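Heads up: the structure comes next, in structure tokens.
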Amino acid sequence: MRNTVATGLLDALAQAGVREVFGIPGDFALPFFDAMVASGRLPLYTLSHEPSVGFAADAAARMRCAPSAVAVTYGAGAFNVVNAVASAYAEKSPVVVISGAPGTRERGKGLLLHHQAKTLESQYEMFRQVTCDQARLDNAETAGAQIARVLASARRCSQPVYIELPRDMVDAPCAPVFAVDAPPVDREALAACADEVLARLSAAKSPVLMVDVEVRRFGLEEQVARLARRLGIPVVTTLMGRGLLENADAPLVGTYLGLAGTPEVSALVEESDGLLLLGVIVCDTNFGVSARRVDLRHAIQALDGRVTLGFHTYPDIPLGFLVEALLERARPLASAQAVAPVQAPRGLVRDDAPVEPLDISRALNDLMDAHGRMPVATDVGDCLFTAMDLVQTDHVAPGYYATMGFGVPAGLGVQAASGRRPIVLVGDGAFQMTGLELGHCARYGWDPIVVVMNNGGWGMLSAFRPDATYNALGTWNLASVGDALGGAGHLVRTRAELGQALESAIANPGRFHLLDVRIAAGMLSPTLRRFADAITRHG
């Protein structure tokens, strides 16, 4: 087979770690879709709406610690996926966006082209704002170098990149794509940085390690767990880092949520004089409810390829190199203290009482205790805070960007990428956005267990505006939707029915199960209640 721009791109994607493409075809993208099918290089999963393919690719990338790809058409398709790509950019997930585009001859005719916004460049310029690198493959001689550059950027920065492929360039001859080497690291600067980090931790009376998304994105969980064990230092995750170190033997205490979290974890972090932040995004989601008790000026922050200690910064120190250098030098810290982990709630009471959010956490924890850990995909809203009470397990959620509609397509992306059956936690408002994507499960053999917290409205917003009528959605019969889409729907009104529905779902794999769990309006998880109270008092 001759090497073309399309085959060169597909080969380069595979070499960069991409294992799947999620897409929706359209006229400007049809030649590339034809090339994907003809090559058979990567599996192609088509869904119903562009935001969903973006969310699915984001979740797949998070699960595998490697890039995943999205293929869409120009204008109407690409603009539709921008929000999902913005979420991946904010939360550092390496999604490769490939958009079909008008051909080079079409661009020169002087006519307005269908799907065009303000100018033919509007789409490219918009994606500059939500990707770390971009390329337009309109020159076969330079296409290989451009492909190599943007894919290297996706891996180095763990953020989305954008590739625009004119439809008349798909079959143009192209030289092979050669991977771009990562820039060298100054070993003297790295050594000095690692020595200073360890010196600060050794001098601290209460050192603590906090981990967040970059630890997962760069595949560093096992190394970080070894570092924590070697130092004897307690570990906490952020809200965004929930599920980190699930498969690693680390002294993990729990998740830091400030005033919304467990007092023991909050005190551990906020009273630490040696807080080491590895890959932690310093945002309001992670620290906004700390009541300003975490003084980040005195913490050690390693993020975005640099390390900041107090008031000075070591640039160009990638997180993986820092962790490796710390491991080479680490010795047990004399001041480190063992801290008991926070226990997740268990023991669902199976009676005729109505279901509360905490009952869902208990029921899912009981399920995973009995049948093993399952990956969890969570949407935003109270389902995100309910997930904070789950046992530690692989977990994907838009905790910082906080876009609705993530949960269901993310669950599909998790199963496509890992082959593991996921649990999806989603509110009824978010389900209304992307829940119909479950209709594709039969085509691909996916069988997620989807738990819809159906309270007839946008429950999290109601926590802040309890009297606002605009938060009401009405109560939809979502159990019947599950049956209509080829799955099994379960209407759940009581705690006994919740336990029975989960037992049925786990005992009958091969198709998705949708649990329509009715929750009274105003009934919130304890964590969301504390979070809302903290925001109200201190926001």
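Summary table below
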item	result
From the options ALA56, ALA38, residue that is farther than 25 Å from VAL396 by Cα and among the hydrophobic types (A, V, I, L, M, F, W, C)	ALA38
Total residues in the stretch 305-323, condition charged (D, E, K, R) and in contact with a helix residue (DSSP H, G or I) (Cβ under 8 Å, 6 or more places away or on another chain)	1
Flag for ALA35 being within 27 Å of ALA90 (Cβ to Cβ), modelled with pLDDT of 95 or more and touching a Ser or Thr at 6+ places or on another chain (Cβ under 9 Å)	no
Only listed residue being under 28 Å from the mean Cα position of the chain (by Cα) and at positive phi, chosen from GLY456, GLY489	GLY456
Qualifying residue in the stretch 501-509 (condition: free of Cβ contacts under 8 Å to residues at least 12 places away in the same chain, surrounded by fewer than 14 Cβ atoms within 10 Å (Cβ to Cβ) and more than 23 Å from ASP351 (Cβ to Cβ))	no
Members of the stretch 361-389 found to be in a loop (DSSP other than H, G, I, E, B) and either of a type in the set (S, T, N, Q) or without any contact (Cβ under 8 Å) to a residue 24 or more places away in the chain (or both), listed by number	GLY372
Any helices (runs of 4 or more DSSP H) falling wholly within the stretch 101-203 and containing at least 2 residues that are buried (at least 16 other Cβ atoms within 10 Å of the Cβ) and not assigned by TED's automatic domain parsing to the domain that holds ALA78	187-203
Cross-chain or 6+ apart pairs with Cβ under 9 Å, the stretch 249-264 first and farther than 13 Å from ALA225 by Cα, then in a strand (DSSP E or B) and of a type outside the set (Val, Ile, Thr)	TYR256/MET210; GLY261/GLY254; THR262/GLY254; GLU264/GLY254
Among the residues listed as ALA14, ALA6, the single one being surrounded by 21 or more Cβ atoms within 10 Å (Cβ to Cβ) and among the small types (Gly, Ala, Ser)	ALA6
Residues satisfying the stated conditions in the stretch 250-267, i.e. surrounded by fewer than 22 Cβ atoms within 10 Å (Cβ to Cβ) and under 24 Å from GLY310 (Cβ atoms)	ALA267
Complete set of residues in the stretch 224-241 that are under 24 Å from ALA88 (Cβ atoms) and in contact with a helix residue (DSSP H, G or I) (Cβ under 8 Å, 6 or more places away or on another chain)	VAL224, THR238, LEU239, MET240, GLY241
Selection status of ALA479, touching an Asp or Glu at 6+ places or on another chain (Cβ under 8 Å) and of a type in the set (Gly, Ala, Ser)	yes
Residue in the stretch 407-428 that is surrounded by the most Cβ atoms within 10 Å (Cβ to Cβ), counting only those that are touching a helix residue (DSSP H, G or I) at 6+ places or on another chain (Cβ under 9 Å) and not in a helix (DSSP H, G or I)	VAL426
Answer residue from the stretch 519-536, given it is buried (at least 21 other Cβ atoms within 10 Å of the Cβ) and within 23 Å of ILE423 (Cα to Cα) and is modelled with the highest pLDDT among those	ILE519
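The values are calculated or read from the model by the stated rules, or taken from the named source; none is laboratory data. Because the structure is a prediction, the values reported are computed rather than measured. Quick reminder, even Gly has a Cβ in these numbers, built from the backbone with ideal geometry, and neighbours come from all protein chains shown.
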